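Novice: My questions will all concern the structure given below.
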């Protein structure tokens, strides 16, 4: 693992190569374990002298791979590095070439990516957006409509770039995603499959207890087939109407900035380690199902239209026809085909989302005593059942209509 001295050295080297001199580094803290299970995060301020002689302070968030996870899932760390180093710059250039007014920038600025073979560590040095007023939403609470709409607009914007890029630069897009194997499949084959089985068994038991046979049938069918295999089957579909996706769409991977009224005005999307190429609905269903309850899902049609309006606007700005590339009718068809992914992620994560900090494993692989995500206690059973039933009922309705 990278020590504090190693981190300081990397930070000084990074910014002294970016026109700062006499850099001093002050480590200011580390993340709460509930803010990220795949990496350690250290916060630091870099102070240096700019070319004009003024002192400049740069607030950074340094993501450092967990050694036990890097051994198994190196591709996940490499995927995030690739998104920051290659995909985002290529997308930005493409948007500028097409004179897009509002370029997609809803992600932290990346200063440097480091792969240290000697220390066996992957490091990503990012801007600390919390110092610019961005904050996490309470992961236990469903997002309200303002937050949902904001994220869906940004997803629409982001997904649209892939569709237009592929249409106008087919070979370039093919090359861009040539090594985009789905990281989640490796995770399923590693430690996720047994955790999925355990959580689906518990959910089936809960649905029996509350006498919801139509919802029990959905989950039991998955359990009989094998939750891990069913999830892999969905992810392995080669969908031609696809985009580069965010991948990890739960509450803790969004930072929000607010007006004085409390209305969110900006969002930053974090954690791109399981970014993949697939239907936009894989992102949308994971996001909406893991952050919503009945009250929010009652507005589903409106929310889907908000997403598509953003998607359509960006596609047009990029000189393409949204009806040709991905119509609203196609989006609704995709919801029927692929929204099961959101069910997988909701069943796997809801008890974690609602849990107290003290109940959580230290990382994705679990604790030394063998407990893992599937063993986390449900600390608010009423809320758990409410949200579980809301999502499964929604899936039951919209996957068959």
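The values are calculated or read from the model by the stated rules, or taken from the named source; none is laboratory data. Being a predicted model, the structure only gives us computed values, none of them experimental. FYI the Cβ positions are ideal-geometry reconstructions off the backbone, even for glycines, and counts take in every protein chain you see.
Novice: Taking only the stretch 36-93 into account, find how many residues are touching a strand residue (DSSP E or B) at 6+ places or on another chain (Cβ under 7 Å) and either buried (at least 16 other Cβ atoms within 10 Å of the Cβ) or touching a residue at least 12 places away in the same chain (Cβ under 8 Å) (or both). Give the derivation first.
Specialist: If we filter the stretch 36-93 for residues that are touching a strand residue (DSSP E or B) at 6+ places or on another chain (Cβ under 7 Å), which is where we start, we get 39-50, 55-66, 70, 77, 80-81, 84-85, 87.
Filter again for either buried (at least 16 other Cβ atoms within 10 Å of the Cβ) or touching a residue at least 12 places away in the same chain (Cβ under 8 Å) (or both), leaving 39-50, 56-66, 70, 77, 80-81, 84-85, 87.
Total meeting the criteria: 30.
Novice: Right, something else. For the stretch 288-297, state whether one or more residues are in contact with a helix residue (DSSP H, G or I) (Cβ under 8 Å, 6 or more places away or on another chain), over 22 Å from residue 333 (Cβ atoms), surrounded by fewer than 20 Cβ atoms within 10 Å (Cβ to Cβ) and free of Cβ contacts under 8 Å to residues at least 24 places away in the same chain.
Specialist: Among the residues of the stretch 288-297, not one is in contact with a helix residue (DSSP H, G or I) (Cβ under 8 Å, 6 or more places away or on another chain), over 22 Å from residue 333 (Cβ atoms), surrounded by fewer than 20 Cβ atoms within 10 Å (Cβ to Cβ) and free of Cβ contacts under 8 Å to residues at least 24 places away in the same chain, which makes the answer no.
Novice: Can you tell me which of 316, 357 is out of contact with any strand residue (DSSP E or B) (no Cβ under 9 Å at 6 or more places or on another chain), surrounded by fewer than 19 Cβ atoms within 10 Å (Cβ to Cβ) and in contact (Cβ under 8 Å) with a residue 40 or more places away in the chain?
Specialist: Just one listed residue meets the conditions, 357.
Novice: Given (1) loosely packed, with under 15 Cβ neighbours inside 10 Å; (2) assigned to a loop (DSSP other than H, G, I, E, B), where does residue 172 come up short, assuming only one miss?
Specialist: (2)
Novice: Tell me yes or no: at least one residue of the stretch 242-249 is over 24 Å from residue 130 (Cβ atoms) and part of a helix (DSSP H, G or I).
Specialist: For the stretch 242-249, residues over 24 Å from residue 130 (Cβ atoms) and part of a helix (DSSP H, G or I): absent.
Novice: Please enumerate the residues belonging to the stretch 99-137 that are surrounded by 18 or more Cβ atoms within 10 Å (Cβ to Cβ), more than 20 Å from the chain's Cα centre (by Cα) and part of a loop (DSSP other than H, G, I, E, B).
Specialist: Correct list: 100 only.
Novice: Of all the residues that make up the stretch 165-178, how many are touching a residue at least 40 places away in the same chain (Cβ under 8 Å) and closer than 25 Å to residue 74 by Cβ?
Specialist: Number satisfying all stated conditions: 2.
Novice: On the basis of being surrounded by fewer than 20 Cβ atoms within 10 Å (Cβ to Cβ), at pLDDT below 95 and in a helix (DSSP H, G or I), does residue 96 make the cut? Before the answer, list the steps.
Specialist: Numbers: surrounded by fewer than 20 Cβ atoms within 10 Å (Cβ to Cβ): yes; at pLDDT below 95: no; in a helix (DSSP H, G or I): yes.
Answer is no for this residue.
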